[in-house]
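Here's the structure we're looking at; comments come further down.
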Amino acid sequence: MRVNIRYLLHKNEIIYCELHHQGRKLSFSTSIKCEKNKWFPKSQTSQEANINQALSLISNRIFELSQEAKTLEGLRFAYLGKKQSPTLLEVYEDFRDFKKLRVGSNTARRYQYVLNLLKGFLEYRKCLNVQISEIDNHFARDFEAWLLQKKYRSASIKRHTQALKAVLEYAKEREYIKNSPISRFTFSVKSKGNPALVYLEVDQIQVFEDSIFENPIYDKVRDMFLFQVYTGFAHIEMHNFDYERDTYIKQGTTYISLERQKTGSHTLLPLFDKAHALLKKYNYQLPKLRNDHYNRYLREISQLLGIKQKVTSHVARKTAGCYWLNSGVSIEVVARMLGHQNIAVTQKIYAKVNTSRINKETQHLQNTKKPVSEGLAAWKQA
């Protein structure tokens, strides 16, 4: 590759070498110190002959290494004597294949989508073969800015950048790098806040339960949705559910026990009567539909039933969590039933409680029959 070299004196009086190739530039410190009044910016030389000689040696070495280097990053690393490491795309493909065996098809498709995005970004930066060890905070910030330029929403930008973080953590585990250089990367794109929690109220669940359709596929979709509401399953867990494998009986109660496809965390909850009835209806083999087809039918059904919310398979899971919390189940138990990895996830998503629960849990504070003074006197005596 053909490279142009410039030398710049920084404010700390250290000379930096700036590499230029096809409109891109990359710099690194030469560790050579030069006083400001002895540096000539136009000629990029110093009054001191030994400094000029050192810079000449650097230039010769860079031109020599540039004959085999494919990227500016690779050239910089070769000059600095750092060991060659796998490229970012090679590690990402390895990471994607590793995750394919452990996540659902939707999540796997998301990883593939981010891989395609990264390829586009690297082509834009003209560094398709950038090594994993060359990624730094600036790279992540540029990736974020590129996504913003492409008109991606802040939530999508955050999700895609988090995927890059996950790849670097994977590279650390595989000892390609010692530490993830972007582990403390913070997003400059401000989110519009957490999206509103969408779930169905009890009366809306009843509407689903009472519905009857002429179209048999609608009946199946309704039952699948209700099964999710009764169990808190994600679509992939409902799709893979096996009654014989995923349930057991203890002290007369049937429990569902399985690992979540998305996170590998453990889910444990009773098999409630309504969910059991649906399983019996289908001879313990629930209908199966692709998630996108399933969601399309759900939208059609919800419109027929007059449900204003945008109903999806994930709304069923959120509805289950809200229903259990609003029915008085502790947040710790709800976290276990939903298979959350830690309770903080549950607290963040399901913090909202409805008016009836607030009223129910504060009812004992109401005592309108006794005057305040009488209440205070009783309290002091106690």
Item to check | Residues of the range 58-69 satisfying the condition of being within 20 Å of residue 133 (Cα to Cα) and surrounded by 14 or more Cβ atoms within 10 Å (Cβ to Cβ) | outcome: 62, 65, 66, 69
Checklist entry - Restricting the first residue to the range 277-304 and requiring it to be under 15 Å from residue 228 (Cβ atoms) and without any contact (Cβ under 8 Å) to a residue 40 or more places away in the chain, which pairs with a second residue that is surrounded by 18 or more Cβ atoms within 10 Å (Cβ to Cβ) and not hydroxyl-bearing (Ser, Thr, Tyr) meet a Cβ separation below 6 Å and a spacing of at least six or different chains? => result 302/311
Checklist entry - Of all residues in the range 129-146 being surrounded by 16 or more Cβ atoms within 10 Å (Cβ to Cβ) and aliphatic (A, V, I, L, M), which is nearest to the chain's Cα centre (by Cα)? => result 140
Next on the checklist: Taking the criterion of being in the same structural domain as residue 319 (by TED's automatic domain parsing), closer than 17 Å to residue 276 by Cα and part of a loop (DSSP other than H, G, I, E, B), would at least one residue in the range 199-217 satisfy it?
Outcome noted: no
Checklist entry - Of the residues that make up the range 42-65, is at least one of a type in the set (Phe, Trp, Tyr) and touching a strand residue (DSSP E or B) at 6+ places or on another chain (Cβ under 7 Å)? => result no
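Inspect all residues belonging to the range 291-312 and state whether any of them is farther than 18 Å from residue 215 by Cβ, crowded, with 16+ Cβ neighbours inside 10 Å, among the polar types (S, T, N, Q) and at pLDDT 90 or above.
Filtering the range 291-312 for residues farther than 18 Å from residue 215 by Cβ gives 291-292, 308-310, 312.
With crowded, with 16+ Cβ neighbours inside 10 Å added as a condition, the list becomes 291, 312.
With the extra rule that they be among the polar types (S, T, N, Q), the set shrinks to 291, 312.
Of the ones still in play, those that are also at pLDDT 90 or above are 312.
There is at least one residue in the range 291-312 that is farther than 18 Å from residue 215 by Cβ, crowded, with 16+ Cβ neighbours inside 10 Å, among the polar types (S, T, N, Q) and at pLDDT 90 or above.
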Item to check | Scope the range 6-27; condition within 21 Å of residue 81 (Cβ to Cβ) and touching a strand residue (DSSP E or B) at 6+ places or on another chain (Cβ under 6 Å); matching residues | outcome: 7, 14, 15, 16, 17, 18, 19, 26, 27
Next on the checklist: One residue is enough: does the range 238-259 have a residue meeting the conditions surrounded by 13 or more Cβ atoms within 10 Å (Cβ to Cβ), charged (D, E, K, R) and within 19 Å of residue 312 (Cβ to Cβ)?
Outcome noted: no
Checklist outcome for this item: Of all strands (runs of 3 or more DSSP E) fully inside the range 235-306, the set with 3 or more residues that are touching a Pro at 6+ places or on another chain (Cβ under 9 Å) is 253-259
Item to check | In the range 12-39, the residues that are surrounded by 11 or more Cβ atoms within 10 Å (Cβ to Cβ) and over 47 Å from the mean Cα position of the chain (by Cα) | outcome: 35, 38, 39
Checklist entry - residue 246: assigned by TED's automatic domain parsing to the domain that holds residue 346 and farther than 26 Å from residue 268 by Cβ, yes or no? => result no
Checklist entry - Does residue 95 satisfy the condition of being among the aromatic types (Phe, Trp, Tyr), over 30 Å from residue 115 (Cβ atoms) and part of a helix (DSSP H, G or I)? => result no
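The values are calculated or read from the model by the stated rules, or taken from the named source; none is laboratory data. Keep in mind that this is a model prediction, so the values were computed, not measured. Virtual Cβ from ideal backbone geometry, glycine too; neighbours counted across all protein chains shown.
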